[in-house]
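Take a look at the structure set out below.
The values are calculated or read from the model by the stated rules, or taken from the named source; none is laboratory data. Source: prediction; values computed, not measured. We place every Cβ from the backbone using ideal geometry, glycine too, and count neighbours over all the protein chains shown.
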């Protein structure tokens, strides 16, 4: 039996773990990903709510932070929420550059398309 050495062991093949693997792998880290079924099988495939992030001009990080803290009913750490919400838009753009497909809908008049935003529970804006 041979011993394999890795810098990181990622359990599961969902979007968070795979995105992390891409980031650290690009910096030279050795990464192993272990999943219980096929590599394309993950809860990310079944997520119906999507990813909540500030992507429109009528929304703001402050509004998203307030919504998240309110919906979290005192269980969220504000400093952590603030970092995650602030980083959200850039991570969405990065995922799209990597080829991640998000649901879109056509703009009126056929002038293109935009992300199909959903109204998450406890949120005041579509994200």
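Within region 1-19, the set of residues being part of a loop (DSSP other than H, G, I, E, B) and either surrounded by 12 or more Cβ atoms within 10 Å (Cβ to Cβ) or in contact with a strand residue (DSSP E or B) (Cβ under 8 Å, 6 or more places away or on another chain) (or both) comprises 4, 6, 7, 12, 13, 14. Answer yes if at least one residue in region 102-112 is exposed (fewer than 13 other Cβ atoms within 10 Å of the Cβ) and at pLDDT 95 or above, and no otherwise. Checking region 102-112: not a single residue is exposed (fewer than 13 other Cβ atoms within 10 Å of the Cβ) and at pLDDT 95 or above. Restricting attention to region 21-34, does a residue exist that is surrounded by 15 or more Cβ atoms within 10 Å (Cβ to Cβ) and outside any helix (DSSP H, G or I)? Checked region 21-34: at least one residue is surrounded by 15 or more Cβ atoms within 10 Å (Cβ to Cβ) and outside any helix (DSSP H, G or I).
Considering only residues in region 35-44 that are under 21 Å from residue 96 (Cβ atoms) and surrounded by 14 or more Cβ atoms within 10 Å (Cβ to Cβ), the one that is nearest to the chain's Cα centre (by Cα) turns out to be 44.
Residue-wise test of (1) over 30 Å from residue 9 (Cβ atoms); (2) in contact with a helix residue (DSSP H, G or I) (Cβ under 8 Å, 6 or more places away or on another chain).
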| residue | (1), (2) |
| --- | --- |
| 22 | no, no |
| 25 | no, no |
| 56 | yes, no |
| 63 | yes, no |
| 73 | yes, no |
| 123 | yes, yes |
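Within the option set 59, 67, being under 19 Å from residue 121 (Cβ atoms), over 13 Å from the mean Cα position of the chain (by Cα), in contact (Cβ under 8 Å) with a residue 24 or more places away in the chain and outside any helix (DSSP H, G or I) holds for one residue only, 59.
Counting just the residues of region 86-125 that are touching a strand residue (DSSP E or B) at 6+ places or on another chain (Cβ under 8 Å) and part of a loop (DSSP other than H, G, I, E, B), which one comes out nearest to residue 61 (Cα to Cα)? Ranking the candidates gives 116 first. Out of curiosity, is residue 54 surrounded by 11 or more Cβ atoms within 10 Å (Cβ to Cβ), under 30 Å from residue 26 (Cα atoms), within 17 Å of the chain's Cα centre (by Cα) and without any contact (Cβ under 8 Å) to a residue 40 or more places away in the chain? So residue 54 fails the test.
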